[in-house]
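Each remark here refers to the structure printed beneath this line.
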Amino acid sequence: MTPRTSAAALGALLLAVTLTACGGTPDGGSSPTPDAPTPTSSASAEPAATPTPTADAAEPACDTIISPGTVDALSQQGWTFEEKEFLIGDVSLPDGLLCFWADYSVPSDHGQLYGWSTISPDDASRAQTALLSEGWTREDGTDGIYFTEDPQRAMGTDEDGYGMTYLFGDGWVKFADTRQGLILIDWAG
């Protein structure tokens, strides 16, 4: 696959997850903090898993990889999560998870994505190479290596202009729908 096709495929996959999970259409408006969902009809859907934070969880879960305050804020808005497989290009991360939080009781295009996984050095290298070839931007930081999608292709950005972002650390990787959203992921592994 060419880099442009790979990026398009990733974008289409994320769009499909968003549309399937929320029943709406993307409006390009994403926010690093939960906004109140905007109902678009009175139709109801079956809610996803009800988050129940667990103390000292041995395995990452959608309600433990993000801060308890974030879980509370999302839950108070009626948001729940759906767990998805965590993939970076063709690198599958079976020990990790990608969580899509939204209000599944109303059709909406509002939601938040958070992901976390352990990752081997070889898989991290393969994933980073794939992201670069697909046009993602690399930035070295004090806490790891950031890879951010091209803002011109982003469905939404944070106040600093960053859209979907991966943060690679020593043996782990985090993902959020904005770079600012990464600070809400506090799983230490």
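Please work out if residue 158 is in contact with a Gly (Cβ under 8 Å, 6 or more places away or on another chain) and surrounded by fewer than 17 Cβ atoms within 10 Å (Cβ to Cβ). So residue 158 does not fit the description; no. Looking at this structure, is residue 138 among the basic types (Lys, Arg) and either loosely packed, with under 14 Cβ neighbours inside 10 Å or within 26 Å of residue 71 (Cβ to Cβ) (or both)? Yes.
If the condition is being touching a helix residue (DSSP H, G or I) at 6+ places or on another chain (Cβ under 7 Å) and of a type in the set (Asp, Glu), then segment 91-115 contributes only 109. Annotation: of all residues in segment 109-120 being buried (at least 21 other Cβ atoms within 10 Å of the Cβ) and small (Gly, Ala, Ser), the one that is farthest from residue 88 (Cα to Cα) is 111. When segment 121-153 is limited to residues that are under 23 Å from residue 95 (Cβ atoms) and among the small types (Gly, Ala, Ser), the one that is nearest to the chain's Cα centre (by Cα) turns out to be 127. Across segment 103-139, the number of residues qualifying as over 13 Å from residue 175 (Cα atoms), of a type in the set (Val, Ile, Thr) and touching a strand residue (DSSP E or B) at 6+ places or on another chain (Cβ under 6 Å) comes to 1.
Since every read-out is calculated from the coordinates, none of them should be taken as a lab result. Given the structure is predicted, the values throughout are model-derived calculations rather than measurements. So basically every Cβ, Gly included, is an ideal-geometry build from the backbone, and we count neighbours across all protein chains shown.
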